[in-house]
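These notes concern the structure reproduced below.
The values are calculated or read from the model by the stated rules, or taken from the named source; none is laboratory data. Note that this is a predicted model, so its numbers are computed, not measured. Because the Cβ atoms are built from the backbone with ideal geometry, glycine has one as well, and the counts that use them run over all protein chains shown. We work out accessible area using only protein heavy atoms, side chains counted, and drop any ligands, DNA or RNA first. Shrake-Rupley method; radii C 1.70, N 1.55, O 1.52, S 1.80 Å.
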Amino acid sequence: MSDPAMIVDLLAPVVGSGIRLSVPLLFACLAGLWSERSGVVDIGLEGKMLAAAFAAGAGAAAFHSPWAGLVAGIVVSVALALVHGFAAINQRGNQIVSGVAINFLAAGLTVLLGQVWYGQGGRTPQLANSERFLGLDLGSLGLDPSSALGRIWSDVISGHNALTWCAFLAVPITWVVLWRTRFGLRLRAVGDNPHAVDTAGVSVAGLRYRAVIVCGILCGFAGAYLAVAQSAGFVRDMTAGKGFIALAALVFSKWKPLNALGACLLFGMLDAVAIRLQGTPLPGLGTVPVQVFQALPYALTVVLLAGFIGRSIPPKASGIPYTKDR
Amino acid sequence: MRKTIFGLAVLAVTIAAPVRAADIQPAILYDLGGKFDKSFNEAAYVGAEKFKKETGVDYRDFEIQNDAQREQALRNFARRGNSPIVAIGFTQASSVEKVAKEFPDLKFAIVDMVVDLPNVRSIVFKEQEGSYLVGVLAAMASKSKKVGFVGGMDIPLIRKFACGYVGGVKAVDAKAEVFQNMTGTTGAAWNDPVKGGELAKSQIDRGADVVYHAAGGTGLGVLQAAADAGKLGIGVDSNQNHLHPGKVLTSMTKRVDVAIYDAFKDAKDGKWTAGVRVLGLKEGGVGWALDDHNKGLITAEMKSAVDKAEKGIVDGSIKVHDYMADKTCPY
Amino acid sequence: MSAPHRDLPPLVDYVVVPLANLTVAFLISGLVVLAIGENPLEAVAIMLRGALGYAEGVGFTLYYTTGFVFTGLSVAVAFHAGLFNIGAEGQATLGGLGVALVCLAFDGAPWWLVAPFAMAAAALFGAAWAFVPAWLQARRGSHIVITTIMFNYLAATLMVWLLVEVLGQPGSMSPETKTFEPATRLPFLRDFLTPWGIDLGQSPVNPMVFIAALAAVFVWLLVWRTKFGFELRTVGQNPVAAVYAGVDPGAVVVAAMLISGGLAGLMAVNEVMGVQHRLLLEFVAGAGFVGIAVALMGRSHPFGVVLSAALFGILYQGGAELAFEKPAISRDMIVVIQALVILFAGALEHMFRPALGRIFARVETTGGGA
């Protein structure tokens, strides 16, 4: 085990797998970040992602193109985001309740429509390779594929699909837009002190709607990744709680994009380790119940929320409907 | 005697009134995963459809969405007078036992599990034998001499697949390495293609170039990952060779379709028997699939080796260990 | 939850507005059924017949209703304290663990002896699972929605581990405990009613249906007839004012969540001791989330909760029959209806209020105040 090449052999695939698993979390987490930074709490990430995955699977199958799938996913996800926006912004309804409703709507409708349209137990048709986002091989870079560096290159960095790169690109873009532009400054201000923004003559509702739409677009990417990149079609309950892990990651990241990247990678790695260790004994430790790794993201989030290891404080006005005073 | 008369009566009715051809109203209850899982449940569906086509007798079916529905669905069938009622999958055992007791006059059947009641036919397969054969093929097709196995839920039944597979691999090359992974410990492990894909990828990253799955819907992800990586997958239950032509080495076929067809047909012909039916290679219950999609992958040498193994198992000169007999795998 | 836009008379507030919201939710559900090529009216007919048309169907409806009353009351009590308990699902799961431990410990003992302990254990385990999020909300300000979601997942993983590694039977193919002895199981009402000529068929409704009714009365007394109930409502409406009134909002929050968790836990007695007779994964099957819809629709009033739980009981039982008759309308249709009810009776609850308010103002010239 002391041989570094062996350790690389063992770890590189897990890290590569962790990256692949963290991509949907990252999209969804950034989606939540946009929404909550503007003051709209969104626990409907799961539902939007699920609906988008279904739409992406159906769209890619119908038009024989992964891009059509991506567009379909985004359109459906944005539509749900607008329902949430209408409830939260115009109707000043409870944002948690609205999010719960959207999660159920997606869970029910995807399977219902999938069954009626395709009759495959809620699945969309299996996609051919030409209908998916496939891994982009970046070549060997002149590295010996059996060397440690070569393994790291081939297992961890090369071979990811276009959407994976989009997810990692979305992190700096989010940071620049939200922290380095006037629009971003206002958007964050709306989440902290909407009255001040309103007084300055900027429409609170307008800003929040824009944030909610960006949230929908990012959830669309997340869903499309699941259905047309990572897999070859939609299966029922495909998101399996990823939207809630993303929510946990958002809390974990203290609503900051770079931290979000870290949190999502961490949670993705935990998932990869859990998958890899299922029923496999560890040297010296015996079989570790994989549930330990599965529970860690949730447990860590609770501990963080409790403020025992640093404090995680949401934007001040998030979750509170904005009412113009008098 | 009464049975014969009844059988004749059925025949008479069938001839006299083809419109209401059926005196039997068969029903089938699929397991989680649904009837189009391209695998286990779908095999059952194929058998039922074949029966319908041949006899013109329609059947009812139902796909459960959660565990709580099993009993209610079985009872719903029973109350409507459906018989035989076939339940697919070992998870239905306790429900079948309960409902079959409540309706002693109706015929029940269960696949993959034994329910010891006078009105239940239990159909189990010798999956280890079919798995042994695909293990032989996997070992011969592998260039790295490393092959993989991805199971669904970690239960004795799936370990039985794995053990037979290892036996076949080791029979060809005692030094060959077999990576084994199970997807999970709950029912969700049958329907998680993403996880299945990740497991297959990790095995491929460790050098495996043939991966066999016994994981229902999860297996679709396994075959996809193998095909994406340019390696070979091995399908299970139904013939899955067509899913990725040229990328699926073969499929271990478990003829659930034949079992269902027989159950319906026996009931129709008045030849129904309860009790345990064990279907192995000899009975045509398991096997391996060779068709246009994979014939380029199977060399003459492989074909003769697997034929030899098949003959050995049928005549008893090769004994494939049954994991469930003693919960160990000697290979 | 949030304060109404304007004061409307109770009749409008508690009857007309919810009915309008519900009507819209069901109309849209009808459109969905139409979209998948089935006749909504026929679907409704099949559902009603399946749920209420014969004694056994009624028995099943009551069985579903029992569970929903508990989870609905659970969510409702938390609502009164201004808390969103999205964790009834996890609390009920833990409640099931409590029930199973008691039943396994006293396996073979008569049910009437075991039942009080099983109920106590269910409530205790459920309450314990609610305690941590409650305490964190009260003392550390951690948002209870996020923590209860996390606790749902923690409950699910804990359950998998327990049933696979600890409580499950070795060699069994499914993660579940052994089945309780017949003597320890709750009796079915059908066994009592058959001599009276009422045939409940095989429906699993059991004495817990009466406990559910008692729980509703208990919640009503608690919220509207005790000092604690007054404090609960004060904290829910205005925590700042509560402090001035000499109430410790933190203590009230914790107490409310303990009661909420206990009620959710009781749901498990119906399911584990009354129907499944063993502990199995995911026996809650979403009832905790149905509780949210039930509480919203019932406007957190116990009477409303019972009514809407019955409606959801009809939906679930009728839906099962419907899925049987019309495979195109699978059980997922019920999930869609549930979503629409939550959306219109919850998030969009104020949508028709201004219009209804105007209509009302026109009828009664004195109208609603500003």
Residues within the stretch A:7-33 that are within 12 Å of the chain's Cα centre (by Cα) and more than 10 Å from chain B (Cβ to nearest Cβ), tallied: 11
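If we keep just the residues of the stretch C:155-173 that are among the hydrophobic types (A, V, I, L, M, F, W, C) and more than 7 Å from every other protein chain (Cβ to nearest Cβ), which is most open to solvent (accessible area, probe 1.4 Å)? Lay out the reasoning, then the answer.
If we filter the stretch C:155-173 for residues that are among the hydrophobic types (A, V, I, L, M, F, W, C), which is where we start, we get C:155-156, C:158-164, C:166-167, C:173.
In the following step, the residues that additionally are more than 7 Å from every other protein chain (Cβ to nearest Cβ) were identified as C:155-156, C:158-159, C:162-163, C:166-167.
Values: C:A155: 1, C:A156: 51, C:L158: 57, C:M159: 7, C:L162: 25, C:L163: 2, C:V166: 81, C:L167: 42 Å².
Applying the filter and picking the extreme gives C:V166.
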So C:Q91 ticks every box in (1) at pLDDT 95 or above; (2) outside any helix (DSSP H, G or I) but one. Which box is left unticked? (2)
Exactly one of B:A174, B:A200, B:A226, B:A208 is within 21 Å of B:I158 (Cα to Cα) and assigned to a loop (DSSP other than H, G, I, E, B), and that one is B:A208
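Here's the yes/no breakdown for (1) within 30 Å of B:D326 (Cα to Cα); (2) open to solvent by less than 30 Å² (accessible area, probe 1.4 Å):
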position: C:L124; (1), (2): no, no
position: C:I146; (1), (2): no, yes
position: C:P175; (1), (2): yes, yes
position: C:D191; (1), (2): no, no
Return yes when C:V284 is of a type in the set (A, V, I, L, M, F, W, C), in a helix (DSSP H, G or I) and either open to solvent by 10 Å² or more (accessible area, probe 1.4 Å) or away from chain A (no Cβ under 14 Å) (or both) and no when it is not. no
Please specify each residue of the stretch C:31-45 satisfying the condition of being open to solvent by less than 20 Å² (accessible area, probe 1.4 Å) and assigned to a helix (DSSP H, G or I). C:V33, C:A43
Across the stretch C:346-361, what is the total count of residues that are assigned to a helix (DSSP H, G or I), open to solvent by 10 Å² or more (accessible area, probe 1.4 Å) and either within 13 Å of chain A (Cβ to nearest Cβ) or small (G, A, S) (or both)? 3
C:A156 passes all but one of (1) out of contact with any helix residue (DSSP H, G or I) (no Cβ under 8 Å at 6 or more places or on another chain); (2) under 18 Å from B:A188 (Cα atoms); which number fails? (1)
Filter the stretch B:45-62 down to the residues that are of a type in the set (A, V, I, L, M, F, W, C), in a helix (DSSP H, G or I) and either within 15 Å of B:I85 (Cα to Cα) or open to solvent by 80 Å² or more (accessible area, probe 1.4 Å) (or both) and list them by number. B:A48, B:F51
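I want to confirm something. Restricting to the stretch A:215-228 and keeping residues that are open to solvent by 10 Å² or more (accessible area, probe 1.4 Å) and in contact with a Phe, Trp or Tyr (Cβ under 7 Å, 6 or more places away or on another chain), which single residue is nearest to the other protein chains (Cβ to nearest Cβ)?
Going residue by residue through the stretch A:215-228, those that are open to solvent by 10 Å² or more (accessible area, probe 1.4 Å) are A:217-218, A:221.
In the following step, the residues that additionally are in contact with a Phe, Trp or Tyr (Cβ under 7 Å, 6 or more places away or on another chain) were identified as A:218, A:221.
Numbers: A:L218: 19, A:F221: 16 Å.
Only one residue fits best here, namely A:F221.
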For A:D144, indicate whether it is more than 18 Å from the chain's Cα centre (by Cα) and closer than 21 Å to A:W67 by Cβ. no
Going by what's in this entry, would B:T250 be described as under 16 Å from the mean Cα position of the chain (by Cα), open to solvent by less than 10 Å² (accessible area, probe 1.4 Å), touching a residue at least 40 places away in the same chain (Cβ under 8 Å) and within 11 Å of chain A (Cβ to nearest Cβ)? no
For the stretch C:330-343, name all the residues that are more than 8 Å from chain A (Cβ to nearest Cβ) and out of contact with any Ser or Thr (no Cβ under 9 Å at 6 or more places or on another chain). C:R331
Going residue by residue through the stretch B:120-132, is there one that turns out to be within 20 Å of B:Q180 (Cβ to Cβ) and of a type in the set (A, V, I, L, M)? no
Tally, over the stretch C:81-105, of residues that are more than 20 Å from C:E282 (Cβ to Cβ) and either among the hydroxyl-bearing types (S, T, Y) or crowded, with 18+ Cβ neighbours inside 10 Å (or both): 5
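Is it fair to say A:V111 is farther than 25 Å from B:K247 by Cβ and more than 8 Å from every other protein chain (Cβ to nearest Cβ)? Steps first, answer last, please.
Numbers: farther than 25 Å from B:K247 by Cβ: yes; more than 8 Å from every other protein chain (Cβ to nearest Cβ): no.
Criteria not met by A:V111.
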Answer yes or no as to whether B:A93 is touching a Leu at 6+ places or on another chain (Cβ under 6 Å) and closer than 19 Å to C:Q202 by Cβ. no
Looking only at the stretch B:198-223, count how many residues are open to solvent by less than 20 Å² (accessible area, probe 1.4 Å), of a type outside the set (A, V, I, L, M) and facing chain A (nearest Cβ under 7 Å). 4
Residue in the stretch C:195-209 that is open to solvent by 60 Å² or more (accessible area, probe 1.4 Å), among the aliphatic types (A, V, I, L, M) and modelled with pLDDT under 90 present: yes
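Let's see how each residue does on (1) more than 26 Å from C:Y63 (Cβ to Cβ); (2) part of a helix (DSSP H, G or I); (3) touching a residue at least 60 places away in the same chain (Cβ under 8 Å):
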position	(1), (2), (3)
C:P187	no, no, yes
C:I198	no, no, yes
C:N206	no, no, yes
C:V209	no, yes, yes
C:A212	no, yes, yes
C:L222	no, yes, yes
C:F230	yes, yes, no
C:R233	yes, yes, yes
C:V240	yes, yes, no
